[in-house]
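Down below is the structure, laid out as structure tokens.
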Amino acid sequence: MPNKSQQQKKQKFSVSPDFTLNEEFEPFNEHYNVFGRIMWDKEYMNYHKFMYDKVPLIISDGIPGYREIDHALAIASWTVHDYFRSAFSWEKLNKPANVMKIPEPKQYPIDESNIQEVTQYVKAIAKLFGASLVGITAFDPRWVYTEDRVGTPIELPEGLTNVIAIAIEMDADAISTSPSMTQGFANGLGYSNMAALVASLAEFIRKLGYQAIPSGNDTALSIPIAIQAGLGQLGRNGLLVTRQFGSRVRLCKVFTDMPLLHDEPVDFGLTDYCRRCKRCAEACEVDAISFDEEPSFKSYPPSQNKGILRWTIKADLCYQFWVDNGGECSTCITSCPFNMRTAQRYLEPEKFWEKKLEDKE
Ligand code: SF4
Ligand code: SF4
């Protein structure tokens, strides 16, 4: 017999006109996503296939966008994300011993009289730290992973009430070279920016005496949180599509008990647009994106969760392409008309370098 919270998690509900769950839905276990399964699932088609395995062979051909320098740029762009792991600490960060002592936080009073002002400050401060879009929504336990990538159960602290959802624009020139290794720079830098941003925003919130849990791709699904917070809608490409940048954003979030006002989900007609468009599905080199006329509850478990009305992508095929490509692909991002409002559909890797070298002169 499911308990009350399990029943609540399974109930059918809708958070925006194009995002509906049915009774098959249950919170996702990150241990089963592509990056979890490559480590432990011997039955999995991508078991122990790693994204950079083929790089030495690929770069030996010296093809523009697939040269040593392109790969080195992509790898270097991850540095802050990969080495500053404290960015995602659930606790206040410890200062090194040789800096001045900071006074202990005293909780900043927030009530009806100033909640609007505090909410504006939080959004402005997220932007000061590098956010492109910010929205706030109620904490919803249905999006929290049951286990992390290595199989450790996730138990968030009690009392979290809100989530600050953040989108960070990725470099338009680099990503337009997809699927080359050069575009990996846009991804890696997005992740590094995300680490610095959520760590700094979390410290700001803690300094005002509230809990803050910074999160990248870990801990909870970022896309439904971003949808609930009004940053965009779910596209045929399986990603958040924003009006401003399409899917050319990295998503992150900060969970908190700080009282804040909420944003509403938005509907700019994306579902209807995606019914007719299909450019991402046509552009995908491995047919990982659905051409179905209508979104459905079709899914490809266990790498992804069930019970969500959407166009589902075949994540296993997508990752296989990344391995063959020697790095990530973003072609379903660059081919989207919502991306092309602010970026080119395609930029040859040589042109990317010409442009960047000119920029620096
Ligand atoms: S990232 Fe590339 S391979 Fe994966 S779904 Fe998008 S276009 Fe297809
Ligand atoms: S490319 Fe077209 S079908 Fe794909 S997500 Fe963008 S708007 Fe939707």
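Highest-first packing order for the peptide set 205-217, 54-66 is 205-217, 54-66, based on the mean count of other beta carbon atoms within 10 Å. Here is how the number arises for the chain: DSSP H runs of 4 or more residues each give -39500 (n - 2.57), the sum is divided by the residue count, and the result at 222 nm is -9500 deg cm²/dmol. Taking every full run of DSSP H in the chain, the ones that stretch at least 18 Å from end to end by Cα along their long axis and average -0.5 or higher on the Kyte-Doolittle scale are 115-128, 184-207. Share of carbon and sulfur in the accessible area of the stretch 60-132 stands at 57%, probe radius 1.4 Å. Cysteines in the chain lacking any other cysteine Cβ under 4.7 Å from their own Cβ: Cys252, Cys274, Cys277, Cys284, Cys318, Cys329, Cys336.
For the stretch 18-175, the number of Lys pairs separated by eight or more positions or lying on different chains, with C-alpha atoms closer than 30 Å, is 12.
Its residue count N sets the reference 2.2 N^0.38 Å, and the alpha-carbon radius of gyration of the chain equals 1.00 times that reference.
At q = 0.19, 0.24 Å⁻¹, what is the base-10 log of I(q)/I(0) for the stretch 40-120 according to the Debye formula with one equal point scatterer per Cα and no solvent? Please give it to two decimals. Each listed q corresponds, in turn, to -1.04, -1.16.
In terms of packing, defined here as the mean over residues of other Cβ atoms within 10 angstrom, the peptides 107-113, 25-31 line up highest first as 25-31, 107-113. Okay, which of the stretch 177-192 sit inside 17 Å, backbone N to the point 7 Å along the Cα-Cβ direction of Glu358? From the stretch 177-192, the list is 177.
The values are calculated or read from the model by the stated rules, or taken from the named source; none is laboratory data. Please read these numbers as outputs of a predicted model, since none were measured by experiment. For neighbour counting, all protein chains shown are included, and Cβ atoms are generated from backbone atoms with ideal geometry for every residue, glycine included. The protein model used for the area step is the full one, side chains on, heavy atoms only, and it has no ligands, DNA or RNA in it. Shrake-Rupley method; radii C 1.70, N 1.55, O 1.52, S 1.80 Å.
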